[in-house]
Amino acid sequence: MRNALLLGVAGAAASALLAAAAPVSAAPQSGCHASYRPCVPITSDVDCAGGSGNGPAYTGRVEVIGPDEYDLDRDGNGIGCENS
């Protein structure tokens, strides 16, 4: 009986862990680059707001979750435009 109870608790814990670890795949908004969160527009170039870039689009601080096509995360820590 004790083993069945332990298995039940372990099974419930494993199920909860798997559910928590499962990635939530929200489709990116239309017109948003899938590598950045929040939305960064899909365009020829995006630069950090307040920086020295020449656009045509600008963004503030973003999380980089894929290939950093616009080179917004210069130090590679997963956060782009940290000073914006």
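Just give me the residues in the stretch 59-77 being among the acidic types (Asp, Glu) and in a loop (DSSP other than H, G, I, E, B), in sequence order.
Asp68, Glu69, Asp71, Asp73, Asp75, listed by residue number.
For the stretch 58-80, does any single residue satisfy the condition of being open to solvent by less than 80 Å² (accessible area, probe 1.4 Å), touching a strand residue (DSSP E or B) at 6+ places or on another chain (Cβ under 7 Å) and modelled with pLDDT under 95?
The answer is no, given that none of the residues of the stretch 58-80 is open to solvent by less than 80 Å² (accessible area, probe 1.4 Å), touching a strand residue (DSSP E or B) at 6+ places or on another chain (Cβ under 7 Å) and modelled with pLDDT under 95.
I'd like the residue in the stretch 47-58 that is touching a Gly at 6+ places or on another chain (Cβ under 9 Å) and assigned to a loop (DSSP other than H, G, I, E, B) and, out of all such residues, is nearest to Tyr36 (Cα to Cα).
Looking at residues that are touching a Gly at 6+ places or on another chain (Cβ under 9 Å) and assigned to a loop (DSSP other than H, G, I, E, B), I get Ala49.
The values are calculated or read from the model by the stated rules, or taken from the named source; none is laboratory data. These numbers were taken from a predicted model, which means no experiment stands behind them. As a convention, Cβ positions derive from the backbone with ideal geometry for all residues, glycine included, and neighbour counts pool all protein chains shown. Please note that ligands, DNA and RNA were not included when accessible areas were found on the heavy atoms of the full protein model with its side chains. Shrake-Rupley method; radii C 1.70, N 1.55, O 1.52, S 1.80 Å.
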